[in-house]
1. Condition (residue is open to solvent by less than 40 Å² (accessible area, probe 1.4 Å), near RNA strand B (Cβ under 9 Å from one of its atoms), not in a helix (DSSP H, G or I) and not assigned by TED's automatic domain parsing to the domain that holds residue A:205) applied to segment A:73-87: is it met by at least one residue?
2. Test residue A:15 against the stated conditions and say whether it is outside the structural domain of residue A:207 (by TED's automatic domain parsing), at pLDDT below 90 and assigned to a helix (DSSP H, G or I).
3. Of the residues in segment A:179-194, how many are among the acidic types (Asp, Glu) and under 21 Å from residue A:424 (Cβ atoms)?
4. Can residue A:66 be described as open to solvent by 90 Å² or more (accessible area, probe 1.4 Å), in contact (Cβ under 8 Å) with a residue 24 or more places away in the chain, more than 11 Å from RNA strand B (Cβ to nearest atom) and not aromatic (Phe, Trp, Tyr)?
5. Is segment A:11-33 home to any residue that is open to solvent by less than 80 Å² (accessible area, probe 1.4 Å), of a type in the set (Val, Ile, Thr) and farther than 30 Å from residue A:208 by Cα?
6. With the structure loaded, tell me whether residue A:272 is closer than 24 Å to residue A:203 by Cα and modelled with pLDDT of 90 or more or whether it fails that test.
7. Just to be sure I understand, how many residues within segment A:77-92 are without any contact (Cβ under 8 Å) to a residue 12 or more places away in the chain and charged (D, E, K, R)?
8. Scan the strands (runs of 3 or more DSSP E) fully inside segment A:333-429 and keep the ones with 3 or more residues being open to solvent by less than 30 Å² (accessible area, probe 1.4 Å) and either farther than 24 Å from residue A:317 by Cβ or modelled with pLDDT of 95 or more (or both).
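The values are calculated or read from the model by the stated rules, or taken from the named source; none is laboratory data. For clarity, every value in this text was computed on a predicted model and none was experimentally measured. Note: ideal-geometry Cβ built from the backbone for every residue, glycine included; neighbour counts use all protein chains shown. Just so you know, the surface numbers come from the protein's heavy atoms only, side chains and all, with ligands and any DNA or RNA stripped out. Shrake-Rupley method; radii C 1.70, N 1.55, O 1.52, S 1.80 Å.
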Amino acid sequence: MLDAKQLRADLKQVAAKLANRGFTLDIAKFESLEQQRKDLQVKTEQLQAQRNQNAKAIGQAKAKGEDVQPLMDAVANLGNQFELTKQAFDSVQAELDAMMALIPNIPHETTPVGKSEEQNIEVRRWGVPRTFEFEAKDHVALSEARGWYDNDAATKITSARFSVLKGSMARLQRALTQFMLDTHIQDHGYEEVYVPYIVNQDSLFGTGQLPKFAADIYKLEKHAEHDTSDRDLYLIPTAEVPVTNLLRNEIVDGAQLPLKFVAHTPCFRSEAGSYGKDVKGLIRQHQFEKVEMVQFVHPDQSYAALESLTNNAEALLQKLGLPYRVMALCTGDMGFSAAKTYDLEVWLPGQNAYREISSCSNFEDFQARRLMARFRTGQDKPQLLHTLNGSGLAVGRTLVALLENYQQADGTIVLPEVLRPYMGGVDKI
RNA sequence: GGAGAGCUGUCUGAGCGGUUGAAAGAGCACGCCUGGAAAGUGUGUAUAGGUUAAUAGCCUAUCGGGGGUUCGAAUCCCCCGCUCUCCGCCA
């Protein structure tokens, strides 16, 4: 969420910046609501002040044993008047809140301006795609040939866009996860956290998935007979949600910053809009494994932190020997809550293309404001933190990349050195 | 799943319809005292929102969350969440 004060003060400039990301801010609507809000709030609070004074006076008079009837008569009308004004104020405020909740973050000045992914800018490239002396297969052909991947079984058990992995491939996914977590906690200074995979609405609102992206998230059905609670629960679309919400409504000691967490979780996405793309294989699934890094930092440090967080994700690809490129997302392609995002795209020989394997973003104080995630230095006033996160990495897609990049003519897969300890010491599968 | 107890500021803890944003203590900050320190002593010590040039004043809200009763609610009523204890079940 944007700062309401800033929005009021620089409405035109903010609108111009948001236009870069394809968002049209309804200036007239905002100004009208804001004017109403201001009038009604002032009026409401005045009536409240009056009511408080009267109540106090009655209390005092009663204590002295005086007759309070004249005072009671004097305030007879006030309640009604207050009720009406308050109602009007609440409804305007609710409309304003709903509008604010749907305004995306302001892109950082270094975020390239553009309409779609074509305008994303390649920042750097690492590694050279291997040249094959045979016809390179894609991961579906490779894994099916070895009996490692069973799409039909998954469909039978659940529905489309899930998968069953078997044998060495299933183990390799687990090995990858361990390797990623270990690298982040041992080399990059992250603290590992284990978090719930089911979250409430407040958490999803805090990180910005709600209210706008409800269609992409699996919502759990309530059983009316024995669930009397009034809160809805959802499967996490990413570990970002539970991990970032660790600091919701918290004030941390500024001396402890930065806080760096890493978590491995499955992620569940209904991906309503994406049918027709990547229909085969592991690229786009309703359920996938991901290792996620989350940082809470001092506002002055967040852009330095974005670079280092991105480097942390890159380090994994380098250790795994997977060629990749770093893309700075343009204003039109960036997610709702982000001010700046780097995507890491790994080389996939099966597709002869670079494909997203990690997305690293600085949200500045956009999420923190929704979350009320703050820090305090000494006796200073609490200040909003800056939040960042990035995949490190999407495990399923890393598995795809390993299979395709390390395939041999006979269909076996050579394992990069760093994974061998996690695979019982073997050098290929 | 059953029964009971509770949820108050950084913490402990009082208040159970009336000038209570909230006693008291601890902690913390600043001062006094001291050669210095401890002890003692004094003052201060929430957050959010509005108004505003203002991080100055002033106003509003907040005692787990939401709603209600009332001129007035931390205090009474209802719904929900959470914590603890005992029993049952379970990985």
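1. yes
2. On the way: outside the structural domain of residue A:207 (by TED's automatic domain parsing): yes; at pLDDT below 90: no; assigned to a helix (DSSP H, G or I): yes.
Criteria not met by residue A:15.
3. Residues of segment A:179-194 that are among the acidic types (Asp, Glu), as a first pass: A:182, A:187, A:191-192.
Those still in the list that are under 21 Å from residue A:424 (Cβ atoms) too: A:182.
Selection size over segment A:179-194: 1.
4. Details: open to solvent by 90 Å² or more (accessible area, probe 1.4 Å): yes; in contact (Cβ under 8 Å) with a residue 24 or more places away in the chain: no; more than 11 Å from RNA strand B (Cβ to nearest atom): yes; not aromatic (Phe, Trp, Tyr): yes.
When the stated conditions are applied, residue A:66 does not pass them.
5. Here is the first cut: in segment A:11-33, the ones open to solvent by less than 80 Å² (accessible area, probe 1.4 Å) are A:11, A:14-16, A:18-23, A:25-28, A:30, A:32-33.
Remaining after also requiring of a type in the set (Val, Ile, Thr): A:14, A:27.
Now restrict to residues that are farther than 30 Å from residue A:208 by Cα: none.
Taking every residue of segment A:11-33 in turn, none turns out to be open to solvent by less than 80 Å² (accessible area, probe 1.4 Å), of a type in the set (Val, Ile, Thr) and farther than 30 Å from residue A:208 by Cα.
6. Details: closer than 24 Å to residue A:203 by Cα: yes; modelled with pLDDT of 90 or more: no.
Criteria not met by residue A:272.
7. Narrowing segment A:77-92 to residues without any contact (Cβ under 8 Å) to a residue 12 or more places away in the chain: A:77, A:80, A:83-84, A:87, A:90-91.
Imposing the further condition that a residue be charged (D, E, K, R) reduces the set to A:83, A:90.
Qualifying residue count for the region: 2.
8. On the way: elements: A:340-348, A:353-364, A:373-376, A:386-394.
In segment A:333-429, the matching strands (runs of 3 or more DSSP E) lie at A:340-348, A:353-364, A:386-394.
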